[in-house]
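The values are calculated or read from the model by the stated rules, or taken from the named source; none is laboratory data. Since the structure is predicted, the reported quantities are computational estimates derived from the model, not experimental observations. Note: ideal-geometry Cβ built from the backbone for every residue, glycine included; neighbour counts use all protein chains shown. For the accessible areas, the whole protein counts, side chains as well, though only heavy atoms, and no ligand, DNA or RNA atoms are used. Shrake-Rupley method; radii C 1.70, N 1.55, O 1.52, S 1.80 Å.
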Amino acid sequence: ISEIMPLRVRGKAVGLCTGVNWGPANVISAFLAPAIIAGPSGPGGMLLFFGVMSALVVPFTVLCTPETKGKTLEEITPMFRFASCQDFVRFVRGNLRGGEGMGPASGKAGAGADKVDADNVDAGAAEGPRAC
């Protein structure tokens, strides 16, 4: 996680990410797991619970985590800049197309690729604001 955090917020952001990651995991392990195992579903219910949770993570990973292999922090940072619902939709579409998130920071993809995205954003704006 620390590789993708901007330097100005890296310490606090990594601390927050660690807390968000470990906090729920500890709560589930300490309170929910014993209750499920002691319940009518037994240990199999616990396995099913974690299996379902793991299956729910797959769509998130496909839609919201662009490919960052071999890229510098300066190339990665613009991939996560979205301020509106339309920007987030563009981000997801970029991930589905090729793992590029919001797209390259500078015109590496060519002018044609930027034009297609601009057309999609303009078409959405003409219809009015959409809810996420």
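Key figures for this structure:
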quantity: Residue within the stretch 68-81 that is free of Cβ contacts under 8 Å to residues at least 40 places away in the same chain and over 22 Å from L7 (Cα atoms) present; calculated: no
quantity: Close pairs from the stretch 42-57: first more than 18 Å from N21 (Cβ to Cβ), partner at pLDDT 90 or above and loosely packed, with under 11 Cβ neighbours inside 10 Å, Cβ under 7 Å, at least 6 apart; calculated: G45/G39
quantity: Checking I76 against (1) assigned to a helix (DSSP H, G or I); (2) at pLDDT below 85; (3) open to solvent by 70 Å² or more (accessible area, probe 1.4 Å), the condition it does not meet; calculated: (3)
quantity: Residues that are of a type in the set (S, T, N, Q) and assigned to a helix (DSSP H, G or I), drawn from the stretch 17-55; calculated: T18, N21, N26, S29, S54
quantity: Residue list for the stretch 51-104, restricted to those being acidic (D, E) and more than 12 Å from the chain's Cα centre (by Cα); calculated: E74, E75, D87, E100
quantity: Selection status of L56, farther than 30 Å from G101 by Cα, aliphatic (A, V, I, L, M) and open to solvent by 80 Å² or more (accessible area, probe 1.4 Å); calculated: no
quantity: Sole exception among (1) surrounded by fewer than 11 Cβ atoms within 10 Å (Cβ to Cβ); (2) at pLDDT below 75 for G103, by number; calculated: (1)
quantity: Selection status of V14, at pLDDT 85 or above, in contact with a Ser or Thr (Cβ under 6 Å, 6 or more places away or on another chain) and of a type in the set (A, V, I, L, M); calculated: yes
